[in-house]
Amino acid sequence: MKLLCLSGNHSKPCFVLQFKGVTIMMDCGLDIAQVQNFLPLPAATNSHLENLPSWSPPSGQSTQLQKEVSEELKECGGRVYVDGALEFSPPEIRMVNMSQIDIILISSYTCMLALPYLTEYTGFKGIIYATDPTVQIGRQYMEELVTYVERSPKSKVASKWKTEEIIKTLPPPVCDAVRPMTWQKCYTLHDVNSCLSRVQIIGFNEKLEFFGALTAMATSSGVCLGSSNWIITSGFEKIVYIAGSSTLTTHPKPMETSPLKEADVLILSCLSQRPLANPDSMIGEFCMKAASTIRNGGNVLVPCYPSGITYDLFECMSIHLDNCLLPHVPMYFLSPVSDSALAYANIFSEWLSTVKQNKVYLPEPPFPHAELLNSGRLQNYSNIHSGLSNGFKTPCIVFAGHPSLRMGDVVHFLQLWGKSSANAIMFTEPDFPYLEALAPYQPLSLRICYCPIDTSLSFSQANKLIKDLKPRHLVIAEDYLNPPLMAPHRADLTIDWDLNLTRTRTYKRGKILSLPVKRQFERIEIHPKLAGTLEPVEVKPGSLITMVTGCLTGKDNKFVLEPIPDDLTLKRKLKAEGAIRSYIWGTLQIRTFVDALAEEGITDVKVAESGDGSIIHLPSEDTLIQVEPDSTHIICEGNETIRVKLRDTLLKCLSKFYKIYTKRYLSIYLSIYLSIYLSIYLARN
Amino acid sequence: MFHIKSGQQSLVYTGDYNMTPDRHLGAAWIDKCRPDLLITESTYATTIRDSKRCRERDFLKKVHSCVEKGGKVLIPVFALGRAQELCILLETYWERMNLKAPIYFSLGLTEKANHYYKLFITWTSQKIKKTFVQRNMFEFKHIKPFDRSYIDNPGPMVVFATPGMLHAGLSLQIFRKWAPNENNMLIMPGYCVAGTIGHKVLGGIKRLEFDKQVLEVKLQVRYMSFSAHADAKGIMQLVSQCEPCNVMLVHGEAAKMDFLKQKIQQEFGIDCFKPANGETAIIRTIHNVPLDVSVTLLKREASLSGLSIPDPKRPRILNGALVIKSNKTQLVDPVEAMSDLGLRQHQLRFTSTISLDDEGPVADTADRLYQKIKSKLKDYPIHYSSDGSITISDTVLVRVSGDEETKDIAVSWLHQDEELGSFLLNLLSNGLET
């Protein structure tokens, strides 16, 4: 069993698992953080961004290449940014041949945004499995991304700066760009549709069968709508893939842990990106700071994704505003997919927490934003030009994408409100470092609040979970073994499960791991006709054995052992090839054998000791029998009658896996059949 | 529908289902799961319905013509299911034809029901699901809640009222008001139990008695089956979709079920049961016995037969030892199994020597012997070594010795080659002539 790690961002994972001849890709996350190397795409004409100076190389000497590079880069506050079409960093696709991937399992909509890069134009022929909310919301995220990129088109793709000798001479952040050569332009709506048409929608706890070799099942992981952990089993081995999971109670259906227990291999990714920030206190802080800004007459800008924690922000914010006696402060939600993001949340009741789910039986919409929309307290627009300005009231709270601050309507609001210290920008999405995100807009006077809300497992929750799940082997990111960079002395911010690390394997981008899973058994079926001929013999108390020779037919990776066809020539042929074998065991007791011979009428027997064994001489039959502990050799002079008689007598005295019809055994057979059936049903629990 | 599996046995149980998609629900669909038993409802065991489109057109035409003449249309429905289907049908028709006559929906349950439909849109048909963000099909523009005071309103209208069999409640109340006017119309979209007013009216009764008052039934009465049950074609379709080994029919009229039973037996060649209430049906199923086989044994077998091009004519033979130990039944390598159980394999070899009168050098005899064996045993790997001994299948040895006149031919074989050994011996005792 092999595991390939294709992504360098552990919160946007991408793995390939090879097991039992099936190649499964698990998740397909897109590392959007790399767009922070680019200049923001303006939502409206923007003088600040347009008038930034080109980058000038520090040394006076300027080659042709450097000249071209300096045209691609703009300088802002000592940092340089790429001025060109936005590019994204898809997973390490060159490590695998996409046409060999049979299956892609998706754990959540946040971990699938690179899918069109991998499934389109790559020869991919497999099936993608994901839950309904994952597909719908994932589609919204992709559409949003495409709309943002396409609505402020930049035809020029900057590529000169990526040259290795140039890049190391550049100032931050561009010099730290990770493998810019592999970056790709945004996919198109056509790619998104074509990619998502390959998705097969599944439900939680639905058993999927892959080529008869493996079964897989998604269970709720509790981090967002429809998010799932995956369990892949072969009938004997169990591999559990835990992507983003949450043990906190928010709007999604809670995490289910019991099916994840006692895996042979537990692959863990997507731990909290902000382990130092408690999500509960962050959301409290968010509401408080937003309300105080409003009270002072300022506006609040919240860069956000169209789904996920955004729903909770609407809910908490509206309640808090009520409590602060500010119920008339409008909330604006801007996203090209705001309509569907809000509508879908209210029809996915079966994927919600019990409290929310119970509301639909009243019947009431599970999320309060339906009511907020009706009353006009929450208004959604697809962009700033689609009617927002009619009746736009300040002070207000604007939720707008994209949280990277490199595209979307948030760019417009940041420039509109950035100069006034009364306003505030509040970061809640943990995916981007906020200071980096803001850098190209500097200087700014608005208040900057950072309340990252990441409900994924924290290290202590993850450690506790692993202890509960008792996996035989654990596979984690290499980085999870050491405290994060921002808190190097916090030893508690590590995964600490297996002291000697003998049962832990680590992954990082580009690494191929051999997982310590040795397949020992495989479930096959025996045809009842063949099963009926088997007569196990008890050779030791509680241990029975019989030899089985059958014809193995395999179909769709399922094997059935059938009786050998009743065809004499075929049987002869098979015997000739040594395909059919029989086995004899035991040690011949000379005394017993001689007695048995006497019963058959052979009395002229002379026994002589020789070494470990004996030599039996039958002078009247001109036959010699050499008996040793593990072998017997019958040497005779062409007389078949006597040879057959000797053979049968000998076999009677030895144990042999042939039919032995005695009453004693018949009763054993009955009990054996019972035990076979019992054990089968016990094994199936 | 439920697919229930226990061990090797499985069954599919259906409630009511519909194999044709309608406006708000997708069609029933099942995997080819090959259950041992399919238990299916058979309400319409012999009915084959005409096209849904025709029925719908018919329905709309009737409603439209009645309304055009200023008549009132009463459609008794149950709160859920068909009601929404018919509402969508009328709503889209009204929109398309730009009709103005009001459509009412009786208040209460039905309104709440529509609300449920809006929240559970994920369970409706693909088309409704796809467009719900732009327009939720269950938010009706033309259909308004009904108030009892509207009963006596003049002018045309269409009213959906509960209950569906006209046995009580609002629908009956409206019926009593509207029945005497021949311009009005009653459309019964579903089945009515005998004894209900609905049943009587459908039967053509023209005079009904209520509270000792006689009610003249003059309005037009129409029955339009919008019942969602699968028809005979649908049931057969489900059977062919899931390929069961046995079918059991439940729910329906015995005589009609007999007909369907016969049809299923004929068409699919499978057993079909139709137990009466309280009767027990016993269905026999034959299944393979599951068994755990060691992967090494399975793989070795696979490498032996060379998996590259599977030859259906060449059986792949698996020799294994079935070991039952501490509640586990496993098929493992025989040699390994024996050593695990402390059993020692016993090798049994036979050597039988035949004397033949055959003149000439020993090598000549050996040559002829080789030719003969080769011609008789075409399938076997035969090795003829320089010292005159012949090896067959690596384990059977034939050696010639002797002088110019008589030769001794010794054949030696292991017990596992017993058949080959005795065959050779037999062959040689008949001489060397081919």
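Can you tell me which residue among A:542, A:550 is at the interface with chain B (Cβ under 7 Å from one of its Cβ atoms) and over 25 Å from residue A:209 (Cβ atoms)?
Among A:542, A:550, only A:542 is at the interface with chain B (Cβ under 7 Å from one of its Cβ atoms) and over 25 Å from residue A:209 (Cβ atoms).
Among the residues in region B:36-59, are any more than 25 Å from residue B:253 (Cβ to Cβ), in the same structural domain as residue B:235 (by TED's automatic domain parsing) and surrounded by 15 or more Cβ atoms within 10 Å (Cβ to Cβ)?
Yes, that holds for at least one residue.
Could you tell me whether residue B:394 is part of a loop (DSSP other than H, G, I, E, B), loosely packed, with under 15 Cβ neighbours inside 10 Å and in contact with a helix residue (DSSP H, G or I) (Cβ under 7 Å, 6 or more places away or on another chain)?
For residue B:394, the condition - part of a loop (DSSP other than H, G, I, E, B), loosely packed, with under 15 Cβ neighbours inside 10 Å and in contact with a helix residue (DSSP H, G or I) (Cβ under 7 Å, 6 or more places away or on another chain) - is not met.
In region A:459-526, which strands (runs of 3 or more DSSP E) lie fully inside it and hold 1 or more residues that are within 15 Å of residue A:271 (Cβ to Cβ)?
A:473-477, A:504-507
Do any residues in region B:138-159 that are closer than 18 Å to residue B:81 by Cα and among the β-branched types (Val, Ile, Thr) have Cβ atoms under 9 Å from those of residues that are assigned to a loop (DSSP other than H, G, I, E, B) and modelled with pLDDT under 85, where the two are at least six apart or on different chains, and which pairs are they?
none
Within region B:117-136, is there a residue that is closer than 17 Å to residue B:164 by Cβ, buried (at least 20 other Cβ atoms within 10 Å of the Cβ) and not hydroxyl-bearing (Ser, Thr, Tyr)?
No - not one qualifying residue is present in region B:117-136.
On the basis of being outside any loop (DSSP other than H, G, I, E, B), β-branched (Val, Ile, Thr) and modelled with pLDDT of 95 or more, does residue A:166 make the cut?
No.
Residues being within 14 Å of chain B (Cβ to nearest Cβ), closer than 15 Å to residue A:646 by Cα, assigned to a loop (DSSP other than H, G, I, E, B) and not aliphatic (A, V, I, L, M): count how many of those fall in region A:584-635.
Of the residues in region A:584-635, 2 are within 14 Å of chain B (Cβ to nearest Cβ), closer than 15 Å to residue A:646 by Cα, assigned to a loop (DSSP other than H, G, I, E, B) and not aliphatic (A, V, I, L, M).
Any idea which residue in region A:560-575 is surrounded by the most Cβ atoms within 10 Å (Cβ to Cβ), counting only those that are closer than 30 Å to residue A:233 by Cα and more than 7 Å from chain B (Cβ to nearest Cβ)?
That would be A:562.
Of all the strands (runs of 3 or more DSSP E) wholly in region A:265-335, which have at least 3 residues that are under 26 Å from the mean Cα position of the chain (by Cα) and assigned by the TED database to the domain that holds residue A:32?
A:265-268
Since residue A:581 meets every condition but one in (1) in a loop (DSSP other than H, G, I, E, B); (2) more than 7 Å from every other protein chain (Cβ to nearest Cβ); (3) not hydrophobic (A, V, I, L, M, F, W, C), which condition does it not meet?
Among (1) in a loop (DSSP other than H, G, I, E, B); (2) more than 7 Å from every other protein chain (Cβ to nearest Cβ); (3) not hydrophobic (A, V, I, L, M, F, W, C), residue A:581 violates only (2).
Please specify each residue of region B:359-379 satisfying the condition of being under 21 Å from residue B:426 (Cβ atoms), of a type in the set (A, V, I, L, M) and either away from chain A (no Cβ under 14 Å) or surrounded by fewer than 12 Cβ atoms within 10 Å (Cβ to Cβ) (or both).
B:366, B:369
Within region A:318-334, is there a residue that is touching a Ser or Thr at 6+ places or on another chain (Cβ under 7 Å) and polar (S, T, N, Q)?
No, region A:318-334 contains no residue that is touching a Ser or Thr at 6+ places or on another chain (Cβ under 7 Å) and polar (S, T, N, Q).
Quick check on my filter: what residues within region B:329-349 are out of contact with any helix residue (DSSP H, G or I) (no Cβ under 6 Å at 6 or more places or on another chain), touching a residue at least 60 places away in the same chain (Cβ under 8 Å) and either over 30 Å from residue B:399 (Cα atoms) or surrounded by 15 or more Cβ atoms within 10 Å (Cβ to Cβ) (or both)?
Listed by number, the list holds a single entry, B:349.
Taking the condition of being facing chain B (nearest Cβ under 7 Å) and closer than 12 Å to residue B:353 by Cβ, how many residues in region A:636-649 meet it?
Summing the residues that are facing chain B (nearest Cβ under 7 Å) and closer than 12 Å to residue B:353 by Cβ in region A:636-649 gives 4.
Conditions: (1) touching a residue at least 12 places away in the same chain (Cβ under 8 Å); (2) not in a loop (DSSP other than H, G, I, E, B). Residue A:154 meets all but one. Number of the miss?
(2)
Table: residues versus (1) touching a residue at least 12 places away in the same chain (Cβ under 8 Å); (2) over 22 Å from residue B:357 (Cβ atoms); (3) surrounded by fewer than 18 Cβ atoms within 10 Å (Cβ to Cβ).
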site	(1), (2), (3)
B:381	yes, yes, yes
B:387	no, yes, yes
B:405	yes, no, yes
B:411	yes, no, no
B:429	yes, no, yes
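Can you say whether residue B:348 is within 7 Å of chain A (Cβ to nearest Cβ), more than 23 Å from residue A:628 (Cβ to Cβ) and not in a helix (DSSP H, G or I), as far as the supplied structure shows?
So residue B:348 fails the test.
Being within 11 Å of chain A (Cβ to nearest Cβ) and not aliphatic (A, V, I, L, M) is the filter here; which residues of region B:88-125 pass it?
B:111, B:112, B:114, B:115, B:116, B:117, B:118, B:120, B:122, B:123, B:124
Inspect region B:79-87 for any residue being of a type outside the set (A, V, I, L, M) and more than 14 Å from residue B:23 (Cβ to Cβ) and give the result as yes or no.
no
Please list, ordered by first then second residue, the pairs with beta carbon atoms under 6 Å, 6 or more apart or interchain, first in region A:235-261 and in the same structural domain as residue A:20 (by the TED database), second among the charged types (D, E, K, R) and assigned to a strand (DSSP E or B).
Sorted first by the residue in region A:235-261, then by its partner, the pairs are A:235/A:523.
Against the definition (of a type outside the set (Val, Ile, Thr) and touching a helix residue (DSSP H, G or I) at 6+ places or on another chain (Cβ under 7 Å)), how does residue B:352 come out, yes or no?
Answer is yes for this residue.
The values are calculated or read from the model by the stated rules, or taken from the named source; none is laboratory data. If you're wondering where the values come from, they're calculated on a predicted model, not measured in any experiment. Virtual Cβ from ideal backbone geometry, glycine too; neighbours counted across all protein chains shown.
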